[in-house]
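Reviewing the structure listed below.
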Amino acid sequence: MNAIHKENKHFWSFASTHFTYFFIWAIVYGYLTLWLEQVAHLNGTESGFIFSFMAGISLFFQPVFGILSDKLVFKKNLLVTITLAAILVGPFFQWLFLPIVHTSSFLAAIIAGLYLSFILNGGVGVVEQYVERASLVNKFEYGHSRMGGSLAGMTASLIAGRLFIWQPNSIFWACSVSAVILTCLVLFSDKVNVSDLQSNPDTDSDNESAPLDKKTILSIFKLKNFWVLSLFYMGAAAIYDVFDQQFIVYFTTFFKSASQGTITYSYMASAQTAIELLLMIPMPFIINKIGAKKGLIAFGFITFIRIFGSAIAPNWELLVFFRLLAGLEMPLLLVSIMKYITGAFDIRLYATVYLMASNFAKQISVFIFSTVAGKLYDVVGFQKTYFILSAIVFVITLVAAFMLEKEHPLVEQTTGQPAVQTE
């Protein structure tokens, strides 16, 4: 009974870590574009350039963070550095970014890209792989812990919209408060039953403890499947993010006033994350049943439907419907990619594969398409841009459906800890 209580305490701590981290993520990515437009007075091209630079800078952080995470495993040095940096979100935007952006939007983009990519674009992989590894050792489903992130998205949507209308800068100070709680959780509450892992006779401890050398790390770049997975992320998951960057601006055009559109957007985003939260409960079992590859492909085609549907939506009600599909997309992607990497690659290189094949490749695409899409929004409008983005997602997903390898089956050991079945 005591062991069960201890494990449950660990689970709720990691779920809370997901909540506090993705609360910051949801506010920044949900409202930064609107803040840049209404407070910093930047146009679509300038805002797109900032997101592009964030993606570009993260191309340095992600491979470094991946290798460091695989070497650190459960040591928290890098994780704590990221959470401490996140505490400065409020001071950064109010006291540093605004004065600089009024002097030089280019310099502001560089500084914002460096800072935000450290804590978000690069940092997200560190947080995610740490919780995924902990879930394998502590024997809980990563997808269930990730429900904390979905709940954070819903909470952030409800709170941030009202905070923004009251005082736009206050949304970033809410991020700082969340980061303080996150840091305390990581330092004092997130525990991994490392002793159970070491004493477990069924765990492939020799493989897990084998040192990572340069040859082992570089071996992933010789795998065709690594490049196909990277291509999929560049053409599906990345476009998902590019599409969402300035969606709130497009959405508010369907209303008579920007404030009415912002409030409606907050309700819609909350409903989306509520769906995401509910679907996170059965999603690990669904993906275990259908397979991680099929889950990834399903995500790609649903993303195509959502972007294409948003382009043809004649009113905000139908636009809301297509937006709510994101509540299905994210559970599919988040659970599928974690299980796919575990089943298709060397577990010792988990963080490297995750940060390189998904995050790194994704940010290359975001780096390119954020500026391109921002320019297209200004030149040809949102609808025509959405047609182009949806076509890219459809083609890349179709390619991945035929070329992406099926993951190895996972077998349940006597401890309940999943392991890759070797041939």
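Across segment 12-171, the relative contact order, built from alpha-carbon pairs under 8 Å that are at least six residues apart, equals 46 percent. When the Cα positions of VAL228, ILE111, TRP35 are compared along the charge dipole of the chain, TRP35 comes out farthest toward the positive end, with charges on each C-beta of Lys, Arg, Asp and Glu.
Can you tell me, using C-alpha contacts under 8 Å and at least 6 residues apart, the relative contact order of the chain as a whole percent? Over the chain, the number comes to 28 percent. When each of the peptides 70-80, 334-344 is scored by how many other beta carbons lie within 10 Å of its residues on average, the order from highest to lowest is 334-344, 70-80. Going 7 Å from the Cα of PHE285 in the Cα-to-Cβ direction, what parts of segment 321-353 have a backbone nitrogen less than 15 Å from that spot? Residues passing the 15 Å test: none. Peptides 289-300, 231-242, ordered by how many other C-beta atoms sit within 10 Å of their residues on average, highest first, read 231-242, 289-300. For TYR267, the accessible area of its heavy atoms, probed at 1.4 Å with every protein chain present, is near 120 square angstrom.
Put a dot 7 Å past the Cα of LEU158, heading toward its Cβ, do the same for THR45, and the two dots end up 4.1 nm apart.
Among the helices of the chain, those built from whole DSSP H runs whose Cα atoms reach 18 Å or more along their own axis and whose mean Kyte-Doolittle hydropathy is at least 0.0 are 2-38, 44-72, 123-138, 147-166, 170-188, 258-280, 292-312, 326-344, 361-379, 382-403.
Its Cα centre serving as origin, the chain has a Cβ charge dipole (Lys and Arg +1, Asp and Glu -1) of approximately 280 debye. Building the convex hull from the alpha-carbon atoms of segment 226-313 and averaging its projection over directions returns 6.7 nm². Toward the positive end of the charge dipole of the chain, with +1 on the Cβ of Lys and Arg and -1 on the Cβ of Asp and Glu, the farthest Cα among ILE290, PHE243, GLY381 is that of GLY381. Ranked from largest, the principal axis spans of the Cα set of the chain equal 64, 45, 40 Å. Pairs spanning more than 26 Å between alpha-carbon atoms, out of LYS76/LYS139; LYS71/LYS289; LYS191/LYS214: LYS71/LYS289; LYS191/LYS214.
Largest first, the extents of the alpha carbon coordinates of segment 261-391 on the three principal axes equal 46, 33, 24 Å. Sorting TRP12, TRP173 by accessible area puts them as TRP12, TRP173; the probe is 1.4 Å, largest comes first, and only protein heavy atoms count. Using a simple spin-label model with pseudo-atoms 7 Å out from Cα toward Cβ, MET403 and GLN167 lie 5.2 nm apart.
Under the convention that each Lys and Arg Cβ holds +1 and each Asp and Glu Cβ holds -1, the size of the dipole of segment 49-193 around its Cα centre is about 200 debye.
Considering segment 1-151 at the alpha-carbon level, its Rg and Dmax are found to be 17.4, 61 Å.
The values are calculated or read from the model by the stated rules, or taken from the named source; none is laboratory data. Just so it is clear, the model here is predicted, and its values are computed rather than measured. Don't worry about glycine lacking a Cβ; one is built from the backbone with ideal geometry, like all the others, and counts go over all protein chains shown. Calculation scope for accessible area: heavy atoms of the full protein, side chains included, ligands and nucleic acids excluded. Shrake-Rupley method; radii C 1.70, N 1.55, O 1.52, S 1.80 Å.
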